[in-house]
Amino acid sequence: MERDEELTSVAQAAVRLIEALGIAVPPGGSLTVAGTGIRAITQLTVESLAAMAGAEVLLHVIGDPTQEDAIKAINPVAETLTMYYGEGLERTHTYEAMVQHILAEVMAGKRVVAAFYGHPGVCTYPTHESVRRARAAGLPARMLPAVSAEDCLFADLGVDPEDGGCHSYEATDFVFRRRLIDPLAHLLLWQVGTLGNWTYESNGYDLSSFPNLVDRLARAYPPSHPVTIYEAPFAPTGVARALRVPITSLRAEQMTPASTLYIPPVPPDTSPSIW
Ligand SMILES: C[S@@+](CC[C@H](N)C(=O)[O-])C[C@H]1O[C@@H](n2cnc3c(N)ncnc32)[C@H](O)[C@@H]1O
């Protein structure tokens, strides 16, 4: 069986499961924001599946296009919102168009589900904004939690954020707002592969500001401190990409738009005076 067909049959089996459980879905004129997880279909929670299967309007932004048929198997009304990404267009315009599309359906009295990949509330402006605007208009709106890239990273790299604490920053914000670093805590940097870019570019991003990121890290950590460029697999049977390099060997070319950078704490007995 081809991978797309396998995903579709997993999605169909999942729909049968939520039908058997009889999970209630909200009435019309409502918004549910759901997340589809990172690994296609297999990381969907049962409550997200129930909401998606019971939607009158199912709008989605899924990272991996091979999942689109499987989403249609969950609910044939599914439609993508990715047409709002335009070459060279500022992402804020794209997000506003998505919010307006979602809200128009909710205001029309439909039971709407907006499904985004990963956790829908992590590093995803249009989901939070849609919930805010629906509630401001007096309509019921909720967000269902889901598996984010960070959750996959904790599992794949064996990181416990409680062990020393964890800072999580958007990479451009981290560099240009000079966010604080605690070298004794875990540090996660999101969107390192689009650093310094506010527009959507399907043919690659200009990462000329990447040395600023390396410079900031090199001032806070020993130069040989190992960091990991991490990408969780989108395919259910895929394996994670985890490239471990010293800070001074970090290069823009090693990044993709799906990369998250993980910087482990320095060992607690390491004195800052030695670097
Ligand atoms: C717009 S944010 C979306 C995050 C998503 N909502 C989540 O819960 O993971 C995009 C960023 O998430 C991270 N990301 C997305 N997919 C990833 C993957 N497969 N592995 C690692 N990080 C990923 C990267 O930092 C990427 O630049």
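The values are calculated or read from the model by the stated rules, or taken from the named source; none is laboratory data. Here the structure is a predicted model, which means the values were calculated and not measured. Methodologically, a virtual Cβ is constructed for each residue, glycine included, from the backbone with ideal geometry; neighbour enumeration extends over all protein chains shown. Accessible surface is based on the protein model in full, side chains and every heavy atom, while ligands, DNA and RNA are left aside. Shrake-Rupley method; radii C 1.70, N 1.55, O 1.52, S 1.80 Å.
Accessible area ranking (1.4 Å probe, heavy atoms, ligands and nucleic acids excluded), largest first, for ASP173, ASP182, ASP163: ASP163, ASP182, ASP173.
Rolling a 1.4 Å probe across all protein chains gives THR248 an accessible area of roughly 70 Å². Share of carbon and sulfur in the accessible area of segment 28-142 stands at 54%, probe radius 1.4 Å. The value obtained for segment 149-274, namely the Cα convex hull volume divided by the number of residues, is 106 Å³ per residue. Solvent-accessible surface of segment 149-274, taken per residue with a 1.4 Å probe and all protein chains present: 50 Å². Shown are CYS123, CYS152, whose ranking by accessible area with a 1.4 Å probe and every protein chain present, most to least, is CYS123, CYS152. Nonpolar atom fraction for segment 149-274, defined as the carbon and sulfur part of the 1.4 Å probe accessible area, stands at 52 percent. Among TYR84, TYR125, TYR169, the order of accessible area from largest down is TYR125, TYR84, TYR169, computed with a 1.4 Å probe on protein heavy atoms.
Loop-located trypsin sites (Lys or Arg not before Pro) across segment 107-157 with a Cβ neighbour count of 12 or fewer within 10 Å are lacking, with loop assigned by DSSP.
Quick one: if the Förster radius is 25 Å, what FRET efficiency do ALA185 and ALA240 give, using the C-beta to C-beta distance and rounding to 0.05? Here the calculated transfer efficiency is 0.65. Projected over all directions and averaged, the alpha-carbon convex hull of the chain occupies 15.5 nm². Cα centroids of segment 1-72 and segment 214-269: 32 Å apart. Span-like helix check, the chain: qualifying full DSSP H segments, with Cα axial length of 18 Å or more and mean Kyte-Doolittle of -0.5 or more, are 3-21, 91-107.
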